[in-house]
Amino acid sequence: MSKIRVAIVGVGNCASSLLQGLEFYRHAADGARHTPVGLMHYDLGGYVPGDIEVACAFDIDSRKVGRPLEEACFALPNNTVTIWRDLPSFGVAVDMGELHDGIAPHMSSYPADRTFLPATEKPVDIEKRLRDSGAEVMLCYLPVGSQKAVERYAHACLATGVSLLNCMPVFIVSNEKWASEFSARKIPVVGDDVKSQLGSTILHRTIMKLFADRGIKLKHTYQLNTGGNTDFLNMLDHTRLGSKRTSKTEAVQSNLPVRMADVDVHIGPSDYVAWQNDNKVCFLRIEGEGFAGIPIELELRMSVQDSPNSGGVVIDAIRCLKLARDRKIGGPLYSISAYTMKHPPRQIPDDIARDRVEKFITGELER
């Protein structure tokens, strides 16, 4: 099979985890390839993780711009766990991207090792760089609230025919206007706002549906998260959280037979705890009424390494986009978007979405 050339926008913790994870799976023993740890598929439609290679990368931090990608992905303020330290030379230097609204003003008040330090270089010509690099899929890893910046890179995808894999809660693929533009140009896209392999959103929606399926009347619920990476620091500015809260809340509400009143649901980032680094701690509480109105309450605490938790999901989404490109399919891919994203263009229950992904991979389902 041919290689899958990807462009990375934002060389942060998620990009670092992905690159290290790809190297981990390249070195997987033959036996592990049949039962791979942490992947839904080792082979997906004939493509394996090792078929993914980086075409180009964009960032705005002075500690990353101009540096080889294999070095930049370990540069501050990245603080995710190390999966595979000895990365090969990718032959890619990080290009200066366009800033727009990518940095929240309050982040300048924090220590340099915790925040972004914008470079002074002139941004590259994004469209030219994408064309020259041969990129087929763009991974958007920009900070939450970067509405203008995400839209700028989405425009670049439309101009160059590159597929967008929008991992951020800026609504592009799930926006009818944007989706129609990609459909008209026959460019397959996946989004918006990536789910973790087993994170707070997928766990919350699964437990909530279990309550409903078992006849429990749902009364109240909250989801609170803490972490110490730049994502949590960025989200201290609550003006940047509108789409994030919508994305996470709709992911849970859409899985219920009867929508809960908005006042009874609180879902969203809670606070920044610097010493947690890339460790994310989730606190869930669900209150309901069972037989004869007897109260039932559940409280749960989950701890995960935040950035690696979405790596396997992204690897599958990249390969599904490649299959769509091979098959000349354009526009939103509904099955893989529903299974891997919090705010897809069509919300589908997870078990049904997974079945549709399998049918898409075999060609039984177009998208």
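The values are calculated or read from the model by the stated rules, or taken from the named source; none is laboratory data. Quick caveat, the model's predicted, so the values are computed rather than measured. Positions of Cβ are backbone-derived with ideal geometry, glycine not excepted, and every protein chain shown enters the neighbour counts. Please note that ligands, DNA and RNA were not included when accessible areas were found on the heavy atoms of the full protein model with its side chains. Shrake-Rupley method; radii C 1.70, N 1.55, O 1.52, S 1.80 Å.
Points worth noting:
- Antiparallel DSSP beta bridges within the chain, as percent of all bridges there, nearest 5: 50
- Accessible area of the chain belonging to carbon and sulfur atoms, whole % at 1.4 Å probe: 53
- Unsatisfied cross-links (Cα-Cα over 24 Å) in the set LYS3/LYS148; LYS128/LYS186; LYS64/LYS186; LYS148/LYS244: LYS3/LYS148; LYS64/LYS186
- Restricting segment 112-215 to GluC sites (Glu not before Pro) in coil, as DSSP defines it, with at most 16 other Cβ within 10 Å: GLU121
- Protein heavy-atom accessible surface, 1.4 Å probe, per residue over segment 1-134: 45 Å².
- Between MET302 and HIS106, the modelled labels are 2.6 nm apart [label points 7 Å from Cα along Cα→Cβ].
- The residues of segment 227-278 expose, per residue, 42 Å² of accessible area to a 1.4 Å probe.
- Those trypsin sites (Lys or Arg not before Pro) in segment 77-138 that DSSP places in a loop and that have at most 10 other beta carbons within 10 Å: ARG85
- Stokes-Einstein D (µm²/s) once Rh is taken as the Kirkwood radius of the chain over alpha-carbon pairs, at 4 °C in 1.567 mPa s: 62
- Whichever aspartates and glutamates have a C-alpha closer than 15 Å to that of LYS209, once near sequence neighbours (fewer than 8 apart) are set aside: GLU250, GLU287, GLU289, GLU297, ASP350, ASP351
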